[in-house]
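First comes the structure, then the notes that go with it.
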Amino acid sequence: MRADELLDILGNRTRREIIKLVSEEPKCLSELSKETGVEKMALARHLDSMTRANILTVEEEKIKRGRPRKYYEIAEHIQLKVDISPEEFSMKLRTRSQGEREDRASNVHTLRLESAKSISDPLQRLAALSKIAEDVKKEIMYYEDALQKAEDVLDEVRRAGREAVEELNLNKSERRSLLKVIGLGGKFNNISET
């Protein structure tokens, strides 16, 4: 998926509401229709579009009578960063799927999880799983904070670089080219994906 495709999808209020609802828990079409107030046919078109874009996945649950019920849920972790300034417009899309390679810290948590799942007493198992969840949430907050601080410093470095280049008597095109060459020009007006 590209960043501009994600923005197109997020540009629709109904789709944003769907994402909000299914991020809380998987939902079927009738539940989404009831909670959004949108007719099932219209909602089905939105869900199909979001499934094709790999934002949502569908799991079928067999029921005693009738067709299997389809439940929609978020496909993967998606992060979109948009920078708009007088010097640049850029978008960066990062995705992290479940199959993506884990780092060393995640491997530790995975080992702890496997160990906790093998505990026979359900209450002890729940206590162990709760502790792991608490530790993982703390780690996520730590890394999100570190990432935000690093991005803030990088933005400040770019701002200082632009100010230094401003002191040179160059036209706007030359200033942008110079910032680009020395690596301080932001994302250089491109759309990048990782």
Count, please, the residues in the range 15-26 that happen to be in contact with a helix residue (DSSP H, G or I) (Cβ under 9 Å, 6 or more places away or on another chain) and surrounded by 15 or more Cβ atoms within 10 Å (Cβ to Cβ). 6
Any idea which residue in the range 131-164 is farthest from the chain's Cα centre (by Cα), counting only those that are aliphatic (A, V, I, L, M), surrounded by fewer than 11 Cβ atoms within 10 Å (Cβ to Cβ) and under 30 Å from residue 114 (Cβ atoms)? 146
Kindly establish whether residue 82 is over 30 Å from residue 179 (Cβ atoms) and either within 19 Å of the chain's Cα centre (by Cα) or surrounded by 12 or more Cβ atoms within 10 Å (Cβ to Cβ) (or both). no
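Considering only the range 27-46, I want to know if a residue exists there that is closer than 20 Å to residue 77 by Cα, surrounded by fewer than 16 Cβ atoms within 10 Å (Cβ to Cβ), of a type in the set (D, E, K, R) and under 22 Å from the mean Cα position of the chain (by Cα).
No; the residues of the range 27-46 include none that is closer than 20 Å to residue 77 by Cα, surrounded by fewer than 16 Cβ atoms within 10 Å (Cβ to Cβ), of a type in the set (D, E, K, R) and under 22 Å from the mean Cα position of the chain (by Cα).
Values in this text are rule-based calculations from the coordinates and carry no lab data. Please read all numbers here as calculations on a predicted model, not as lab measurements. So basically every Cβ, Gly included, is an ideal-geometry build from the backbone, and we count neighbours across all protein chains shown.
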